[in-house]
1. For A:PHE288, state whether it is touching a helix residue (DSSP H, G or I) at 6+ places or on another chain (Cβ under 6 Å), crowded, with 20+ Cβ neighbours inside 10 Å and more than 9 Å from every other protein chain (Cβ to nearest Cβ).
2. Across the range B:218-253, which residue is modelled with the highest pLDDT among those that are more than 12 Å from chain A (Cβ to nearest Cβ) and assigned to a loop (DSSP other than H, G, I, E, B)?
3. If I go through the range A:291-318 residue by residue, how many of them are at the interface with another protein chain (Cβ under 7 Å from one of its Cβ atoms) and at pLDDT below 90?
4. Looking at the range A:203-215, which of its residues are surrounded by 13 or more Cβ atoms within 10 Å (Cβ to Cβ) and within 27 Å of the chain's Cα centre (by Cα)?
5. Any residue in the range B:264-286 that is of a type in the set (Asp, Glu), buried (at least 19 other Cβ atoms within 10 Å of the Cβ) and under 33 Å from the mean Cα position of the chain (by Cα)?
6. Is it the case that the range A:63-72 has a residue that's surrounded by 16 or more Cβ atoms within 10 Å (Cβ to Cβ) and in a helix (DSSP H, G or I)?
7. Tell me, which residue of the range A:81-98 that is within 7 Å of chain B (Cβ to nearest Cβ) and of a type outside the set (Val, Ile, Thr) is nearest to B:ARG126 (Cα to Cα)?
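The values are calculated or read from the model by the stated rules, or taken from the named source; none is laboratory data. These numbers come from a predicted model, not from an experiment. Cβ sites come from the backbone with ideal geometry, for glycine too, and all protein chains shown count toward neighbours.
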Amino acid sequence: MAAQNPRAQASDRITLLLSLVPYLLQNNPVSVDEVAENFDEKPATIRKMIESLIVMGVPDRAGDVYSNQMFDVDWDLFEQDDIISLTNTVGIDATPKFSGREAATLLAGLSLIQQAVDEDTKQIISDLITKVARGSSQGAAEISISAPTPPAALALVTEAISRSVHVEFEYSSPASPHATRLIDPLRVENAAGTWYLRGWCHTRQALRTFRIDRLESARIVETPTDVDIDPSGLPDTLFDVSDTDIIAVLELPEWAKDALADYAPREVGSTGGKVQLEVNFGSLDNVFRAISRRPGLITVVSPQSVREQVAVWASSAL
Amino acid sequence: MAEVSKEERQFSLILTLISNRYGLLIDEILASVPGYHEKYNPSNDTSLASLKRLFERDKSDIRDLGVVIETIVVEFGWNDGHETRYRIAEADYELPEDVTFTPTDFSLLRLAAEAWRDGSLSKDSRHALTKLRSLGIAANDPLVGVAPRIHTSNETFDALEEALQRQGIVHFSYLKPGETAPSKRTVAPLALTNRRGIWHMLGHDVDVDAQRTFLLSRMVTTPEKLPNRSFEAGTTDYSAQLESELDALESSNEALLTVDLGSDAHTRLTAVYGSLSENGELAVRYSDVNLLADELTEFGDSVRAVSPEALKKALTDRFASIAAAHGGVK
């Protein structure tokens, strides 16, 4: 976590100080709670920031900082009513520009979102991309996400989400036989280049995750969604691994182990530059998929029966 | 008096350099800004040199936050005399006044920033969001319903990204697809692009003095920075160059596949690459034959390559090595 890194902490606090001043100037006076809410910080953090702000200023040549060259607030109002009223500011009064890295993170995130939204929002994002680039003090860092063709059903799914209506499609996957599914779509997510739909499945009466490139004959059903689930409360993990059929140990070179990071692997050993990872799989097809991440580099060590099935599966494609 | 903290020193440095529009000499900075001032002793060369190094580190840290300290060299016009002054120009510091954001813009930018959940750049996306919040825009959450995630949580990405920022040169072992032993590469990173979830790097390969594209997933060792070496990258937009190169490859390379009807491969490949032709073949555009073979391996015998030969061979090689690694078929 960044919070453990003192360098990150100092940079977090300086950025917050630089951002706090222009906000306070525009909203003077303002309650600590309101500032905290705006910056998504704890009120105690904001109070601490104000306490450190008011001892800082611009020094004269001898290194003395006089009170008219320092930040100041109405102290009684701050102490008694928890209200910040700036009475003196120095040096900065506007929002700082983005760094090249900051701009690049926004631009890359925007170009991913752009793949999934309607034409109007695509245009808004194009304009935003120009604005963010102009708002950087160093251009944008050379980090980008290029937009490949998204799966055909993506636009339809996001339209259903924005209109709060149901979506229905045919679905089959290695872990679930073919069925027609009626879904309250909650959110689309992109993980490692693949788009997923998360929603409430009326057919199964449960929260489910679907690969959007597996949706067939997707169509909008013009009935308003009715399940009361806050999409922001969805867990970060895409899949529920409770329906585990196979527990296998896979071996791969230490340098390549990131290839299986999203399978929630447990490291059970390492020898001569190779690691052994224990992974839960819902089906044999998922084992094939995992070893195909780095063909020939990932080997199933156990169970022996799965090893043999992998050999048969690979040989049949020769 | 308590020791001046690093953030207090750096914040005071920013305030001071913005407030002195003609800039300050290094000695004026060290003599006055809290954090340097207390340790400033012009008659002690050793302590002066260490304070100057501290100033250089602060300058670089502050730059990472988006605040650029400008160096102005003033010539005197006699005896080649000159002095170096430092300042922060308002135009470099402030978000331009006409860069404004609507509540919808803000909601989209917040989603974009939140895509960076892990990895070293999550700090930078968080800082971008803090700066945006200083504009005090109330988010109106349109039902966009999109939550992208960008995964970069590995040492390889971090090392390359750091070198990219510092114009450094790195070396690493690289396992080219189809080769059995890795080779040593010495490269100046120029751009990092994620395409279909796969990170590509455009770099200047120092040994062959030419640009090359690398896959991060094939770097066998964590890239290490060469000490005291840097590369003048010029002002080309390398991300755009890399993306257009990959686009050009995709539009010129086409593979033909046959796919079992009703298979998972059929559903997923047609969702992305379009429908089958009349004779039941699927045309797929690709930038790299090995990447395409990697993508198709998971479908096993439900997908077969018709052309090109290189793809047929790449797939056969993959299945042969998987079969052999699992003891073959008795």
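1. Details: touching a helix residue (DSSP H, G or I) at 6+ places or on another chain (Cβ under 6 Å): yes; crowded, with 20+ Cβ neighbours inside 10 Å: yes; more than 9 Å from every other protein chain (Cβ to nearest Cβ): no.
Spelling it out, it is not the case that A:PHE288 is touching a helix residue (DSSP H, G or I) at 6+ places or on another chain (Cβ under 6 Å), crowded, with 20+ Cβ neighbours inside 10 Å and more than 9 Å from every other protein chain (Cβ to nearest Cβ).
2. Ranking the candidates gives B:ASN253 first.
3. The number of residues fulfilling the criteria is 3.
4. Within the range A:203-215, the subset surrounded by 13 or more Cβ atoms within 10 Å (Cβ to Cβ) is A:203-204, A:207-215.
Matches in the range A:203-215: A:LEU207, A:ARG208, A:THR209, A:PHE210, A:ARG211, A:ILE212, A:ASP213, A:ARG214, A:LEU215.
5. The first filter runs over the range B:264-286 and keeps only residues of a type in the set (Asp, Glu), leaving B:264, B:278, B:281.
Restricting the remaining residues to those that are buried (at least 19 other Cβ atoms within 10 Å of the Cβ) gives B:264.
When the remaining residues are screened for being under 33 Å from the mean Cα position of the chain (by Cα), the result is none.
No, the range B:264-286 contains no residue that is of a type in the set (Asp, Glu), buried (at least 19 other Cβ atoms within 10 Å of the Cβ) and under 33 Å from the mean Cα position of the chain (by Cα).
6. Yes - at least one qualifying residue is present in the range A:63-72.
7. First, the residues of the range A:81-98 that are within 7 Å of chain B (Cβ to nearest Cβ): A:90-92, A:94-98.
With the extra rule that they be of a type outside the set (Val, Ile, Thr), the set shrinks to A:91, A:94, A:96-98.
On the way: A:GLY91: 24, A:ALA94: 19, A:PRO96: 14, A:LYS97: 14, A:PHE98: 11 Å.
Only one residue fits best here, namely A:PHE98.
Let's see how each residue does on (1) assigned to a strand (DSSP E or B); (2) under 28 Å from B:LYS123 (Cβ atoms); (3) at pLDDT below 95:
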position: B:TYR22; (1), (2), (3): no, no, yes
position: B:ILE29; (1), (2), (3): no, yes, no
position: B:PRO34; (1), (2), (3): no, yes, yes
position: B:SER43; (1), (2), (3): no, no, yes
position: B:THR46; (1), (2), (3): no, no, yes
position: B:LEU54; (1), (2), (3): no, yes, no
position: B:SER60; (1), (2), (3): no, yes, yes
